[in-house]
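The values are calculated or read from the model by the stated rules, or taken from the named source; none is laboratory data. Nothing here was measured: the structure is a model prediction, and the numbers come from that model. A quick note on method: Cβ atoms are made from the backbone with ideal geometry, for glycine too, and the neighbour counts reach across all protein chains shown.
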Amino acid sequence: MAREGKAQMETTGQDSALNTPLSPPRVASDLTLGDLAKALGTGWRDFLAMPRFGLFFGGVYVLAGLLIGWVTVTGGNLTWLIPAIAGFPLVAPFVAVGLYEASRRRAAGAPLTWGAVLGALKGHGDDQILSMGVIVFVAFSFWMIVAHAIFAVFVGESGMGRDPLAALLTPEGLAMLGVGGAVGGVMAFAFYAMTVISLPLLVDRKVDFLTAIIASFAVVRRNFVVMLTWAAVIAALLFVAMLPGFLGLLVALPVLGHATWHLYHRAIA
């Protein structure tokens, strides 16, 4: 009984040590491209050390992508397929919340249990992470509305009833892809800047989501070239991983999720 009580106290102490108390985040201004390479290497090692978590969250992401593709194809809404796939990476940071928790626990030597990792979505009992989840959903929905508006402006009724691929190869379709790509790129980067540090911070510390978002924007602003490069790395890896029927995301998502946690740890003192 004494040993069990002691073990329970040690476990509780480990968990408590993980949750940094309220304090203003201090943002680094000296990130380098070497930090990105180091984060990717550490993220890969985290994935190999605890693949069950990576494959689980990667599997959830893959199933979500396949479901989106199935709904658009079977529903005859192929014109929605491209914006849906293009906007799909927007939800990746929220799916990766459990991966941040797994990396944090592994680094701290705390127990790696499903309850603890999945419980990260609840945050610190203050619904801040769930609030960010609502923002993620709204951002994805807003992108779909904007994409539909761009389609209506450039293609409109002329694209209705036509082969979607043929419609995209027309001058109007190519113009739509150009404008949609530019608008989508700006929106995606703004959303990336808002979430890349804020979600790991909410997992790590008891702060409100506005404070976390401000810290995330600050990291991107103070380390713009490095963080822009990280955004390009994430976009490229996710795009390549989606090509083989989304299956590459089984590895790409967890590695990037674990790596983002370690980059956050470097960015927030």
Practice task
For Tyr61, state whether it is among the hydroxyl-bearing types (Ser, Thr, Tyr), touching an Asp or Glu at 6+ places or on another chain (Cβ under 9 Å) and either free of Cβ contacts under 8 Å to residues at least 12 places away in the same chain or buried (at least 19 other Cβ atoms within 10 Å of the Cβ) (or both).
Solution key: no
Exercise for the section: Within the range 237-269, count every residue that is surrounded by 19 or more Cβ atoms within 10 Å (Cβ to Cβ), at negative phi and outside any helix (DSSP H, G or I). Expected result: 1
Handout entry: Glu101, sole failed condition from (1) surrounded by 21 or more Cβ atoms within 10 Å (Cβ to Cβ); (2) within 19 Å of Ala241 (Cα to Cα)
Key = (2)
Handout entry: Residue check for Ala175: closer than 16 Å to Leu40 by Cβ, surrounded by fewer than 21 Cβ atoms within 10 Å (Cβ to Cβ) and without any contact (Cβ under 8 Å) to a residue 60 or more places away in the chain
Key = no
Exercise for the section: Determine which member of the set Ala236, Ala231 is under 14 Å from the mean Cα position of the chain (by Cα), without any contact (Cβ under 8 Å) to a residue 60 or more places away in the chain and under 24 Å from Val134 (Cα atoms). Expected result: Ala231
Practice task
Hand me the list of helices (runs of 4 or more DSSP H) wholly inside the range 146-236 holding 2 or more residues that are out of contact with any helix residue (DSSP H, G or I) (no Cβ under 6 Å at 6 or more places or on another chain), modelled with pLDDT under 85 and within 29 Å of Thr72 (Cα to Cα).
Solution key: 164-168, 171-195
